[in-house]
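Notes follow the structure.
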Amino acid sequence: MAQRGRASGRPAGKAPARTAAPAPARTSPAELAARRARLQAVIDPVVAGTGYDLEELSVKQVGRRHLVQVVIDGDGGVGLDAIADVSRAVSRALDEAEESGTDLIMGEYQLEVSSPGVDRPLTLPRHWARNVGRLVKVKAGEKSLTGRVLDADADGITLDVDGKEHALSFDALGPGRVQVEFKRMNEISDEELAEFDDDSSDDEELDDDERDDEGEER
């Protein structure tokens, strides 16, 4: 995550009397949409140039600053190093755009770059292709199906539902959801159970201060 901000200074001297800070002016939905479009024009080619896809771009006001959230993905997934590289590239592009006079965001803002979570809906062919082998739930017509993705191409997917294959075109599918799979207890080895017990014991030994420290944002 890269964070950028702007601040205005004031001459040194006697501190002014404390007054109630005025509430920040709210950015209208129409203006946020316009700023998102300008940001996307800058960010999209940068992300594409690094070999990844821009999956989501959002802009929202949080208190006195704006939060710009960028979600990227790729065929092989996105690691932490890649996220850091893309974050730096996007930050440089935003700096250059502002230096050239492009009006992007008024005031201070924070940039966050991340990868999509498992709860991201599968809506595009590339989403399905990147989840071949995964268990998904999807609505096909009037039916809700849960099965494993066997194949995905430009036209649709092949889904294995209880051992039966279903060829489904994308125009007949709603958004898919990856299902989190857990091992059944009888498939977990004694060694894995022992490691789990050890981890649980360590957590129980943490005192309140340590728990508070671990919960702090870094």
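Read the figures in this text as sums done on the coordinates, not as results from a lab. Remember, predicted model here, so these are calculated numbers, not experimental data. No Cβ is skipped: glycine too gets one built from the backbone with ideal geometry, and neighbour counts run over all protein chains shown.
Okay, here's what the table says:
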| quantity | calculated |
| --- | --- |
| Principal axes of segment 38-114: Cα extent on each, largest first, Å | 36, 27, 17 |
| Cβ-based net charge around ASP153, under 15 Å, with every Lys or Arg adding one and every Asp or Glu removing one | -3 |
| Of every Cα-Cα pair in segment 70-118, the percent that sits beyond 18 Å | 38 |
| Unsatisfied cross-links (Cα-Cα over 25 Å) in the set LYS137/LYS164; LYS60/LYS137; LYS60/LYS139 | LYS60/LYS137; LYS60/LYS139 |
| Gained length - GLU181 relative to HIS166, 0.36 nm times residue gap less alpha-carbon distance | 3.3 nm |
| P(r), alpha carbons of segment 43-197 - 10 Å bins starting at zero, rounded % | 9, 29, 25, 22, 12, 3, 0 |
| Length released on extending from THR50 to LEU124, taking residue separation times 0.36 nm less the Cα-Cα span | 24.6 nm |
